[in-house]
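The values are calculated or read from the model by the stated rules, or taken from the named source; none is laboratory data. Just so you know, these numbers come straight off a predicted model, no measurement behind them. Positions of Cβ are generated from backbone atoms using ideal geometry, with glycine treated the same way; all protein chains shown enter the neighbour counts. Ligands, DNA and RNA are excluded from the accessible area calculation, which covers all protein heavy atoms including side chains. Shrake-Rupley method; radii C 1.70, N 1.55, O 1.52, S 1.80 Å.
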Amino acid sequence: MEIPAKYDPSLTEDKWYKYWMEKDFFHSEPDDREPYTIVIPPPNVTGVLHMGHMLNNTIQDILVRRARMQGKNACWVPGADHASIATEAKVVAKLKDEGIDKNTLSRQEFLDHAWEWKEKHGGIILEQLKKLGASCDWDRTKFTMDDDMSESVIKVFVDLYNKGLIYRGVRMVNWDPQAKTAVSDEEVNYKEVQSKLYYVRYKIEGEDGFVTIATTRPETILGDTAICVHPEDERFKNLHDKKVLVPLIGRSVPIIKDEYVDKEFGTGALKITPAHDINDYEIGDKHNLESIDIFNDDGTMNESAQLYIGEDRFKARKLIVKDLEEAGHIVKIEDYVNKIGYSERTDAAIEPKLSMQWFLKMGNLAKPALENVMNDNIQFHPAKYKNTHKHWMENVKDWCVSRQLWWGQRIPAYYLPESGYVVANTADEAVELAKEKSGNQNLTINDLRQDEDVLDTWFSSWLWPISVFNGINDPDNKDYNYYYPTNDLVTAPEILFFWVARMIMAGYEYKNEKPCKNVYLTGIVRDQLRRKMSKSLGNSPDPIELMKKYGADGVRVGMLLCSPAGGDLLFDESLTEQGRNFGNKIWNAFRLVKSWKVDETIEQPESSIKSIEWFRHRLNSEIKNINNLYEKFRLSDALMAVYKLFWDEFSSWYLELVKPAYQKPIDKKSYEQTLEFFDILVKLLHPIMPFITEEIWQLMEERKDGESLMIEKMPEAKSFDKKIIETFERIKEIISGVRNVRNENNIAQKEILSLKVKGEYSKEYGSCVTKMANLSSIENTETKIDGAVSFMVKSTEFYIELGDLVDVEEELKKLNDELEYNKGFLATAMKKLSNERFVQNAPEKVVNIEKQKRDDAEAKIKVLEERIAGLK
């Protein structure tokens, strides 16, 4: 078979992916093999492939391909998340572009648009993953709003409600005015911002005096229902039980006492706005204060504010500051740095808001999720995230599961005509429950009103490893019993609570079993300035373009070269170039081996026999090491181990040791053994570089239709002798010593040298040294040989008599010139270091550089003086 001079990914990647798909190699069905299961962290249906996906899915594919080659029944379930907030925002924006206002549509009309958008755009990211080589079982692709998936979500909601774990109530929530929905505490990102602290004075009712408070949000003054002071604050003892008037609107509100107040902050007096601050809400609840909500759902002022009605909250802030100044209520304004919460989904500033929502009690659900992580029943890699998980589980709050959206699973609560509600799996079931609850047997579904809200997207995602195998609807089905619990979960630390912790809770609640055995937490992909890669910053390369430029294998290697578990990945395009270059190295090595002519009549040289023996032991040692690294989830180190094994040991040493002389044939045994080694190496490389390894494996020999490297058996470590490996390292040092002598004395490789040895060395490998160093002989000597160039390996001395190969006078002149230069260099460094002012005042780093220069110069001078002495 003709092997192209260069490897071209564009000619092989689509070819082999299509072949794998046609042969159904990715598909899994339960059988008598050990299962190996991964469920993909479902990307948002709105998404396109970004660098985080590339890292996450490269790691998953490596684990799945390796498990498949280990003989396990590997199943990687792909799918997408309906992403309520993000998708609804995209659909609303699309409708707006078409001149359609969402508010003019019925719920069903809007959902028809949303489904149409999902069908058109929803599969993009999964198709892109195929370009990466992802070996997902595409027949099992799931979407969190598939009928069976939604049925699972509704069943779980009803079940938890019936268990008394889901309740409805008015609570202070994080309100996203842009998405017009509540978001959970975990979906709020806090940022430090430059704000202003406004000192505002309130007139004491019936007196001439004032009370001054400090606030960063003067627009919320219009919702104030009290001023609060610390009961032991002497400054305000004369004001206890008096009232003040809210500036501009004149509302009379009480001065109350509470130890919550920090006497040192601001003025020591605190304005209380129960509807718009979580702490104020708790104080208001404790003191039975009125709660006045002054904001509409979109963050504009409502009629309860009395002023600035219809204006956006931030515009209202500017207007009220101006009016407060004109009315003489502003005492002073200071610059102030504070933390403000922003919606993770829309980046809008969060508005604390009192709202009727649905909540899930988390206390008891969190207990097994804490216990089974802390006892390593579920192992985190790296383990440091156990403490983060512990903190969250010990401080867990009830989960607000309702969202004021239309895209998602609608809450299965049905309100009765008079009062009250029922929670049911279906509308028919709801009617029966409503009849029972109300005693009215004439009720129909038309008399009931279903809750308008949908469930938080995470409320479907937390069931993902269960629901993809239909474990809620059919708990006894064979897929669920075979594939669950899954083996490994690969995800990002930022969704450790959102997703991982909640999946663990769901696993123990519905199967009394963990969702997975290992959680591998990847780092964040950052640029060289340590900024998170994002489209908005313009610092993220397009993964598809990267793969076009460097090939999927090159990009996979590049992603892994700098991705320790849990550590941020500092991405540099040169790493993908390094990955491509590694692919070229493998290809060129394969072409070299396949170019050798085989002569079956030739005896196998002693050097080849010994080289094959050494490499077999080295290979088995490294297979054991690589397996150990995989088991510890040190995937980056596993890549480096196989990278160095191929590049350094196999290409740079083994192939050079067995390579036949120029235009000479190779013996059959050495050739076949070399191909056998190559076969093992491409199997070790395949999980990381699936395309180039498949291409090479198919070119190694004639293959039948249906054969593929990806379903071959992964090599297992056989016994090896450490002593042989260590001995050969000494042999390498001897060969490198001779090569250094050649380089330092400008002696060509074709010139044959002889080597004298004073001391012990492993003679059984003499044939390897003779071949690689191009020697005529290796002889023992009892004495030092004057005039010869020498080097040492351990305590053994080696001598090479150069004779006429070197012009001694010319060489001495060159060495003396170099010696003088280094002495001058040393003198400069010493002069600086003997200057006390320099040593004491210069930065430590600068002083250390000069010390290193001194040490390097002294070492060079020593070597040069020894070489000069040897030539005299």
Rounded, prolate or oblate: which fits the stretch 1-72 when a ≥ b ≥ c are the square roots of the eigenvalues of the alpha-carbon gyration tensor, with rounded for a/c under 1.5 and prolate only if a/b beats b/c? oblate
Could you go through the stretch 827-838 in sequence order and give the Karplus-derived ³J(HN,Hα) for each residue, using 6.51 cos²θ - 1.76 cosθ + 1.60 with θ = phi - 60°, rounded to whole Hz, and x for Gly and Pro? 4, 5, 5, 5, 4, 5, 6, 8, 8, 4, 4, 4
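Could you tell me which of rounded, prolate or oblate describes the stretch 46-181, using a ≥ b ≥ c as the square roots of the eigenvalues of the alpha-carbon gyration tensor, with rounded for a/c under 1.5 and, failing that, prolate when a/b is larger than b/c and oblate otherwise? Intermediate results must be reported in sequence, preceding the final value.
On the way: a/c = 2.25, a/b = 1.43, b/c = 1.57.
Oblate shape, in that a/c is at least 1.5 and b/c is the bigger or equal ratio.
Where Rh is the Kirkwood radius over the Cα pairs of the stretch 72-142, the temperature 4 °C and the viscosity 1.567 mPa s, what D in µm²/s does Stokes-Einstein return?
Values: Rh = 14.1 Å.
Taking Rh from Cα pairs, D becomes 92 µm²/s.
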Positive end of the charge dipole of the stretch 784-872 (Lys, Arg +1 and Asp, Glu -1 on Cβ, about the Cα centre): tell me which of PHE825, GLY787, VAL808 has its Cα farthest that way. PHE825
Which value, in debye to the nearest 20, describes the size of the charge dipole of the chain about its Cα centre when Lys and Arg Cβ atoms bear +1, Asp and Glu Cβ atoms bear -1, and nothing else is charged? 1900
Could you tell me what percent of the accessible area of the stretch 366-467 is made up of carbon and sulfur, with a 1.4 Å probe and every protein chain present? 45
Counting only C-alpha contacts under 8 Å and six or more residues apart, can you give the relative contact order of the chain as a whole percent? 12
Near the amide H of GLN450, under 5 Å away, which other amide H atoms are found, from residues 5 or more places off or on another chain, if H is placed in the peptide plane? TYR415
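If you keep only loop residues by DSSP, which chymotrypsin sites (Phe, Trp or Tyr not before Pro) in the stretch 513-592 have at most 11 other Cβ atoms within 10 Å of their Cβ? Walk me through the numbers before you get to the answer.
Numbers: sites: TYR520, TYR550, PHE571, PHE582, TRP587, PHE590; in loops: PHE571.
Nothing satisfies the criteria.
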For the stretch 315-425, what are Rg and Dmax over the alpha carbons, in angstrom? 22.5, 65
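Compare VAL598, VAL431 by solvent-accessible area with a 1.4 Å probe and give them largest first, with all protein chains kept in place. Mind showing how you got there, number by number?
On the way: VAL598 65, VAL431 15 Å².
So, going from the largest accessible area down, we get VAL598, VAL431.
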Given a cut-off of under 8 Å on Cα pairs at least six residues apart, what relative contact order in percent is computed for the stretch 732-803? 37
Residue by residue through the stretch 739-744, which ³J(HN,Hα) values in whole Hz follow from phi under the Karplus form 6.51 cos²θ - 1.76 cosθ + 1.60 (θ = phi - 60°), with glycine and proline marked x? 4, 4, 4, 4, 5, 5
Tabulate in residue order the Karplus-calculated ³J(HN,Hα) for the stretch 139-156, using 6.51 cos²θ - 1.76 cosθ + 1.60 with θ = phi - 60°, rounded to whole Hz; enter x for Gly and Pro. 5, 9, 3, 10, 10, 5, 10, 4, 3, 5, 5, 5, 4, 4, 4, 5, 4, 5
Expressed to one decimal in nm², the mean projection of the alpha carbon convex hull of the stretch 600-658 is 4.3
Percent breakdown of C-alpha pair distances by 10 Å bin, ordered from the shortest bin, for the stretch 421-550: 10, 24, 22, 23, 13, 6, 2, 0
Is the stretch 33-81 best put as rounded, prolate or oblate by its Cα gyration tensor, with a ≥ b ≥ c the root eigenvalues, rounded for a/c under 1.5, and otherwise prolate when a/b is larger than b/c, oblate when not? oblate
Trypsin sites (Lys or Arg not before Pro) restricted to the stretch 1-109 and DSSP loop, no more than 16 other C-beta within 10 Å: LYS6, LYS23, ARG33
Lys, Arg +1 and Asp, Glu -1 on Cβ, resulting dipole of the stretch 452-566 about Cα centre, debye, nearest 20: 700
Beyond a 32 Å Cα-Cα separation, which of these cross-linked pairs lie in this structure: LYS517/LYS624; LYS90/LYS196; LYS669/LYS704? LYS90/LYS196
Considering only protein heavy atoms, what is the solvent-accessible area of PHE615 at a probe of 1.4 Å, reported in Å² to the nearest 10? 0
Given that compact globular proteins tend to follow 2.2 N^0.38 Å, what is the ratio of the alpha-carbon Rg of the stretch 688-818 to that value? 1.58
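What value in Å³ per residue do you get for the convex hull of the alpha-carbon atoms in the stretch 138-237? Don't jump to the answer; show the numbers that get you there.
Details: hull volume 24.0 nm³, N = 100.
Output value, Cα hull per residue: 240 Å³.
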What does the charge count around ALA829 come to, taking other residues whose C-beta lies under 10 Å from its C-beta (Lys +1, Arg +1, Asp -1, Glu -1)? +1
With unit charges on the beta carbons (Lys and Arg positive, Asp and Glu negative) and the dipole taken about the Cα centre of the stretch 216-299, which residue among PHE265, HIS287, ASN238 sits farthest to the positive side? ASN238
Which three extents, in whole angstrom, do the alpha-carbon atoms of the chain cover along their principal axes, largest first? 114, 77, 52
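Compute, for the stretch 730-872, the length of the dipole vector about the Cα centre, with Cβ point charges of +1 (Lys, Arg) and -1 (Asp, Glu) only. Units Debye, rounded to 20.
Details: 25 positive and 26 negative charges, 121 e Å.
So the dipole magnitude of the stretch 730-872 works out to roughly 580 debye.
Of all DSSP beta bridges located in the chain, what percent are antiparallel, nearest 5? If you can, show how the numbers build up before the last one.
Values: 63 of 91 bridges.
About 70 percent, rounded to the nearest 5.
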Amide H neighbours of THR216 at under 5 Å, excluding residues fewer than 5 places away on the same chain, with H built from the backbone geometry, are TYR198
Using only Cα atoms, find the angle between the long axis of helix 385-394 and the longest principal axis of the chain, and express it within 0 to 90 degrees, rounded to the nearest 10. 20
With every protein chain present, what accessible area does SER670 have (1.4 Å probe, heavy atoms only), rounded to the nearest 10 Å²? 0
Sum of side-chain charges, TYR199 neighbourhood, beta-carbon under 14 Å (Lys, Arg +1; Asp, Glu -1): +2
Give the long-range amide H neighbours of VAL793: residues separated by 5 or more places, or on another chain, with amide H under 5 Å away, using H modelled in the peptide plane at 1.01 Å from N. PHE798
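If I compute solvent accessible area with a 1.4 Å probe over the protein chains, what percent of it on the stretch 814-867 is carbon and sulfur? Before the final figure, lay out each step's value.
Working: 2090 of 4010 Å².
Reported share for carbon and sulfur atoms: 52 percent.
Sorting THR346, THR426 by accessible area (1.4 Å probe), largest first, what list results? Please list the in-between numbers first.
On the way: THR346 30, THR426 70 Å².
Result, largest first: THR426, THR346.
Let me have the relative contact order for the stretch 375-487, percent, based on Cα pairs under 8 Å that are six or more residues apart. Numbers along the way, then the final one.
Working: 108 pairs, mean separation 27.8, N = 113.
For the stretch 375-487, the relative contact order is 25 percent.
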The answer for the net charge of residues other than VAL598 whose Cβ lies under 9 angstrom from its Cβ, with Lys and Arg +1 and Asp and Glu -1, is -2
Order of exposure, largest accessible area first, which applies to TYR630, TYR385 with probe 1.4 Å: TYR385, TYR630
If ligands, DNA and RNA are left out, what is the accessible area of THR601 with a 1.4 Å probe, given in Å² to the nearest 10? 120
